[in-house]
Amino acid sequence: MAIDWKQQKALVTGGAGGIGRATVKRLLALGAKVAVWDFNQESLDEFARECSDAGHIIHPEICDITDADAVSSALQRSVAAMGGLSILVNNAGYVAPGYFEDRDFEVWSRTMEVNVEALMRLSYLALPHLKAEHRSSMINISSAAGVLGTAGLTAYSAAKWAVWGFSESLRQEMHVLGVKNLHIGTIHPVYLKTGMFEGSRVSGLGGLIVPGVKSHDHVARAIVRSIATKRNRRMLPRTVALAIFFRAILPDRWFQSFLRILNIHHSMDGFQGKGQSVG
């Protein structure tokens with residue numbers, strides 16, 4: 001059954017920039033109502049004006065998703081403004097580069113708090129609203145780093161693996177409980193050429209097999225298509241999924257050597273990104 005986008009009520013976290021912003025634009029163009037959360041007042045105000053100039057209305061909320069009370073209050077306001085909630089896009093994220101021993105542990109705690117704990121809390125609070133809809137979706141943004149461990153991204157990789165594991169487990173729980181209307185999907189993009197991971201890339205042979213994602217809109221398109229088709233998992237590019245295949249068929253020593261041949265372990269060497277999108 002085709003989705004009626006005009007009946008959809010979407011919440012996008014980290015929605016004033018990057019992947020979130022591109023996703024909001026696509027949802028608005030399809031006719032959905034959209035609540036946009038972000039922690040940056042200036043970016044959110046500017047985006048609200050841009051949407052208004054284009055003839056669209058968003059429901060903006062300044063919110064640090066690690067603040068439990070703020071999240072609960074913002075969710076109530078967003079649901080009230082839209083008349084429900086049928087799509088949740090858990091996009092807000094935080095990345096701090098560096099080798100594990102070279103940063104204060106509080107940096108890694110923050111990485112896990114934003115990317116895992118806050119995502120799970122909002123999902124927990126949103127579930128009753130999503131389950132109440134005739135058709136609903138939860139899309140959680142993982143990463144190619146949630147498929148392959150990457151030097152210089154220890155906490156971020158751990159967090160994004162956790163996002164994938166959480167999403168798959170929750171999907172199984174919904175199946176056991178007989179909840180058939182809620183679709184839960186994950187998106188696993190490799191490095192984007194701008195934004196959070198600017199400057200990071202897989203070079204050499206690895207770069208030919210797993211090229212960087214061209215734009216935020218490329219990911220946004222995958223998110224919208226996943227909602228429309230109820231697809232459980234999207235790897236961007238598709239060749240990221242080869243990591244799962246080769247991990248399954250190769251002895252682990254060979255697999256780890258294969259990753260080094262592809263130069264995965266040096267992919268963060270040129271990192272110049274902004275590193276966060278919390279909201």
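Applied to the stretch 156-171, the Karplus parametrisation 6.51 cos²θ - 1.76 cosθ + 1.60 on θ = phi - 60° returns per-residue 3J(HN,Hα) values of 5, 4, 4, 5, 6, 5, 5, 4, 5, x, 4, 5, 5, 5, 5, 4 Hz, with x for Gly and Pro.
Peptide packing: for 119-129, 153-163, the average count of neighbouring Cβ atoms within 10 Å per residue gives the ranking 153-163, 119-129, highest mean first.
Debye-formula intensities of the stretch 107-175, expressed as log10 I(q)/I(0) at q = 0.24, 0.26 Å⁻¹, are -1.05, -1.16 (one equal scatterer per alpha-carbon, no solvent).
Think of each Lys and Arg Cβ as +1 and each Asp and Glu Cβ as -1; about the Cα centre, that makes the dipole of the stretch 1-154 roughly 860 debye.
Using +1 on the beta carbon of Lys and Arg, -1 on that of Asp and Glu, and nothing else charged, what's the dipole of the stretch 45-121 about the Cα centre, debye to 20?
That gives the stretch 45-121 a dipole magnitude of about 360 debye.
Entry note, the stretch 30-187: relative contact order of 21 percent, from Cα contacts under 8 Å with a spacing of 6+ residues.
Answer rounded, prolate or oblate for the stretch 1-70, using the Cα gyration tensor with square roots of eigenvalues a ≥ b ≥ c: rounded when a/c is under 1.5, else prolate when a/b is larger than b/c, else oblate.
Judged from the Cα gyration tensor, the stretch 1-70 comes out oblate (a/c at least 1.5, b/c at or above a/b).
Ordering of 214-227, 15-28 by packing is 15-28, 214-227, highest average first (other Cβ atoms within 10 Å, averaged per residue). Here the calculated FRET efficiency for K214 and S73, from their Cβ-Cβ distance with R0 = 45 Å, stands at 0.75, rounded to the nearest 0.05.
The phi torsions of the stretch 93-102, fed into the Karplus equation with coefficients 6.51, -1.76 and 1.60 and a -60° offset, translate into couplings of x, 8, 10, 10, x, x, 6, 3, 7, 8 Hz, rounded to whole numbers, with Gly and Pro shown as x. Close amide H contacts of N181 (hydrogens built in the peptide plane, cut-off under 5 Å, sequence separation of 5 or more or a different chain): none are found.
No lab work stands behind these numbers, since they all come straight from the coordinates. A quick note: this is a predicted structure, and the numbers were derived from the prediction, not measured. Cβ coordinates were reconstructed from backbone atoms using ideal geometry, including for glycine residues, and neighbour counts include every protein chain displayed.
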